[in-house]
Amino acid sequence: MIGKKKRPEKELFYIAGSIEDLIPEDYVLKRVNKILDLGWLRDEIKGVYCEDNGRPGIDPECAVRLMLAGFLLGIVHDRELMREAQVHLGIRWFAGYRLDEMLPDHSSLTRIRQRWGKEKFGKIFERTVEQCVKSGLVKGDLIHVDATLIRANVSWESLVERHVEKVARENEDDGGGDGPKGKTKKVSETDPDATMATSRKDQRLEPAYKQHTAVDDENGVIVDVDVTTGEENEGKQLKGQLGRVEGRTGKKTAAVTGDAAYGHSENYRHLEGCGIEAVIPPQREAGKGRNLPLSLFKYDAKNGIVKCPHKKILYPLRGGRKGTVYRGRASDCGVCPLRTKCLAKTAKVRTVLILKGYASLLRARRKRRNWCEEEKRKYRRHRWRVEGAHGEAKERHGMRRAVRRGLWNVAIQAYLAAAAMNLKRLAASFLLILLRLYASGNRFRTTDGRATALLRNLWPLRQKLVRAA
């Protein structure tokens, strides 16, 4: 017989217990709640509020929990998040709001981001890294670095063409007006921080930002994240990334992996100086095919000279920001049998640019031709560790496109997404950490009653682990 239930026009809710009892134990918000610690947050942000004047604001922990809940569930727009929170028991409970309490307006989250700035949200991300380090999830010896583009939140109609000199004057990072005369550059009027970029030569340029990420190999914990304009070269970020990673983890990096975009001579020189193994394929030689390539010229770093394929010497002409220019003699190049292959039609002598760290680049090229199985294994792990982290962030945590405009806004979005991913990894390892502690016989102090009950239930399993050891 088909059952029938009469629904009253107006319902009253009644819960015999807590909202927490209605949420499954394996739900992501409930698992993250067990390990989330924001007790430090109030002291961190009290400097941006007036102590004795103004209306009471939203509790900072509640605000951050709302934002983290959105990123954990893939809801990154404030309006959508607050609409969902109205009917979502899990979000209400995670943020600390009862059923009869009014949730804050979505605009309050915007004002909080503006008041705190990206530095405070960067601290939230750093705290998740510290938690992962203390829990033993970060080994720190092998770091994978990579960059990915984030589509800016602008329309194609907002793009206009401006002269390169004007764009450079408005953006000091572009070189202060030293661009080629007469050339134009597309910029967005609604988000000037976004720049045109593409990840593939066969795809068109799009207004974008670039996220630079460093991932620890052990458990895929994100140990560094930064956001720049889309046209920023990721290879220039490596030195700063590794410095921040070692500062956060307190561990010495033994090896770093990256794609060819990081295969710069200066990067190889820096890694050699730090004693870090570089599992990075070198970039292809520029200008190959137009004349005799630079690889045929022998560089003598000890004597500071370059020998051409015909055994003639090129002497240093001038030094620059990128390296030193070496130039041959007209008497040698004028009678050289390789002149037609080596020089352009209008050139009288051959000049070559030896980049800073060129000797390190040559050693990296020789090493790349003979990578051992261990180095190949590390590079394979790079592809699914850090590139997989970027894919996860885009598919599940809303990082495929910027939600708001401005470099600082996109940086906050990246910090929160990375923090949410680290918290997921920490929550997934929570049971494993308890098992390790019980197997070693160490005491685990906790104020969480459910965690204490879980520890008691794990006692028989601990006994088995001890007997097996």
Check your understanding: Tell me, how many Å apart are the Cα centres for the stretch 310-331 and for the stretch 37-53?
Key -> 60
Review point. How far, in nm, would the chain grow between residue 42 and residue 134 when pulled straight, counting 0.36 nm per residue and subtracting the alpha carbon separation?
Key: 30.9 nm
Exercise for review: Sticking with the crude label model, points 7 Å out along Cα→Cβ, report the distance from residue 52 to residue 22 in nm, one decimal please.
Suggested key: 4.4
Exercise for review: Kindly put 75, 58, 313 in sequence by how many other C-beta atoms sit within 10 Å of each C-beta, fewest to most.
Suggested key: 313, 58, 75
Exercise for review: For each of 66, 89, count neighbouring Cβ atoms within 10 Å of the residue's Cβ, then give the residues from fewest to most.
Suggested key: 89, 66
Check your understanding: Once both labels are modelled 7 Å past Cα along the beta-carbon direction, what's the residue 315-residue 123 spacing in nm?
Key -> 6.0
Check your understanding: Given labels modelled 7 Å from the Cα in the Cβ direction, how far is it in nm from residue 200 to residue 99?
Key -> 5.0
**Study point:** Sorted by Cβ neighbour density within 10 Å, fewest at the top, the residues 146, 52, 300, 259
**Key:** 52, 300, 259, 146
Exercise for review: Would you mind pulling out the separation of the Cα centroids of the stretch 65-79 and the stretch 374-423, in Å?
Suggested key: 16
Review point. Which FRET efficiency value, to the nearest 0.05, is calculated for residue 86 and residue 186 with the Förster distance at 30 angstrom and r the Cβ-Cβ distance?
Key: 0.15
Exercise for review: Report, ordered by chain and residue number, the lysines lying within cross-link reach of residue 311, taken as a straight Cα distance under 20 Å and ignoring same-chain residues fewer than 8 apart.
Suggested key: 298, 302, 341, 348
Review point. So what J values fall out for the stretch 103-111 if you push phi through Karplus, 6.51 cos²θ - 1.76 cosθ + 1.60 with θ = phi - 60°, rounded to Hz, Gly and Pro as x?
Key: 7, x, 6, 4, 5, 5, 5, 5, 5
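Values in this text are rule-based calculations from the coordinates and carry no lab data. Quantities reported herein were computed from a predicted structural model and do not represent experimental measurements. Positions of Cβ are generated from backbone atoms using ideal geometry, with glycine treated the same way; all protein chains shown enter the neighbour counts.
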